[in-house]
1. Can we say Ser118 is modelled with pLDDT under 95 and under 18 Å from Gly44 (Cβ atoms)?
2. Only residues that are over 17 Å from Leu107 (Cα atoms) and small (Gly, Ala, Ser): list them for segment 118-138, please.
3. Val180 versus (1) modelled with pLDDT of 70 or more; (2) surrounded by 14 or more Cβ atoms within 10 Å (Cβ to Cβ): which is the lone unmet condition?
4. Of the residues Ile71, Ile92, only one is modelled with pLDDT of 95 or more, under 22 Å from Thr192 (Cα atoms) and out of contact with any Phe, Trp or Tyr (no Cβ under 9 Å at 6 or more places or on another chain); which?
5. Just one of (1) over 24 Å from Lys199 (Cα atoms); (2) at pLDDT 95 or above trips up Thr78, so point out which.
6. Which of the following residues is surrounded by 16 or more Cβ atoms within 10 Å (Cβ to Cβ), modelled with pLDDT under 75 and of a type in the set (Phe, Trp, Tyr): Phe157, Phe133, Phe143?
Amino acid sequence: MQLPLHSLAHDLKKDFNPISWTSKYRRTTVPYLISMFLFYRAIGLIAVFLFLSFVINPTIPPPSDFFTILIAGPIEETLFFGIPLYATGNHIVVMATGVLWAMTHLLNTSTIQLDALSYANFLFVIPWIFSSFRTWISGKGWFAIVSHSLWNITATFALPCINGNSCNAIYNINWFVALVQGIISSLLMLLTYFLYRRKVRKFE
């Protein structure tokens with residue numbers, strides 16, 4: 001039986017409320033998760049827009065090749081959210097590693113100087129912390145990985161190509177680096193799954 005539309009709106013309103021940003025989602029269906037994912041991305045984009053409105057020469061992150069962007073989702077989600085969650089079971093630890101993940105985006109520049117850090121990138125991923133955190137503790141880590149990868153691909157390559165910018169980065173792949181990244185990503189996902197299964201067996 002399908003739940004009434006007003007019930008869905010009520011749950012979304014509750015989950016949109018900042019008071020709920022450290023708790024599990026009220027629903028975990030794919031459409032609902034997509035709605036929450038887009039909600040947090042919208043907040044990040046608004047924060048970046050407001051920041052850039054007051055910055056004359058914003059720092060632009062250096063370009064990356066296609067595979068590096070694609071593989072960033074699995075690596076970042078498992079390393080900073082999935083593994084800490086299933087290894088410790090402590091939500092505070094997961095939030096702390098999420099903050100650490102956000103801070104690494106400050107260094108997404110060609111030069112490491114205080115006045116040249118990627119503050120806009122940092123502001124954008126702050127809401128993302130809550131998005132990934134809540135998705136993982138809601139038992140839907142796979143969605144966090146997939147949505148993260150799809151967003152990276154869309155924002156970094158698909159939209160620029162549609163707008164007529166160069167798409168050459170898709171083909172400029174360092175295959176040795178890609179192989180290493182692929183191995184690391186696979187190992188991290190396997191470790192995440194192992195820790196997840198170990199946690200599940202404790203409650204069987």
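1. yes
2. Ser131, Ser132, Ser138
3. (2)
4. Within the list Ile71, Ile92, the selection yields Ile92.
5. (1)
6. Answer to the selection: Phe157.
The values are calculated or read from the model by the stated rules, or taken from the named source; none is laboratory data. The structure displayed is predicted, hence computed values, not measured ones. Every residue, glycine as well, gets a Cβ built from its backbone with ideal geometry; the counts of neighbours run over all protein chains shown.
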